[in-house]
Amino acid sequence: MLKLSKISSLLLAILVSASFAKTANAQQTTTLTVVVNGIKHQKGQICLGIYSNEKGFPLSTKNVVKSACKPITGSSLKEKFTGLKPGNYAVAVVDDQNGDRQLNRDLFGIPKEGFGISNNPTVSITTGTPKFSKASFSLSKNTTVNIDMKYGLDP
């Protein structure tokens, strides 16, 4: 009887330890809400890409952590991204008028479609394409990011 009691106690201790380990190893996730303002067109779609590092930011869609394209229904759009781990992120947005899900540019690299970047950095011939470090923000809990659309370079 004593052996059975020790085995039961040991089994209970193992189960309790396993449940604590599972809780400790569970990754906290967050929700990122992106609000896009200043959309000029009423056709096409707004495509959003979430990046977790500088690789491919902001022009490549291959390295996005999460993405979405939504039909344009007004001058602003709100999109929620769930399940992101805490960390640094940046968001790139395109007013995709031709449905190719990328920012079309002219021969000089100047955008032909509307675009937006988190933190709304200056985008001009002098500054060039914004770097991840200028556009990134820390996501540690539920966060809202406001992005203003641009339909040309800043002066």
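Every number here is computed from the coordinates shown, using simple stated rules; none is lab data. Every value quoted in this text rests on a predicted model; they were computed, and no experiment measured them. Here the Cβ positions follow ideal geometry from the backbone for every residue, glycine too, while neighbour counts run over all protein chains shown.
Data table
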item	result
Members of 70/134; 55/85; 78/131; 80/112; 43/131 lying beyond 22 Å, as alpha-carbon distances in this model show	70/134; 78/131; 80/112; 43/131
Filtered chymotrypsin sites (Phe, Trp or Tyr not before Pro), region 71-155: DSSP coil and at most 15 other beta carbons within 10 Å	108, 151
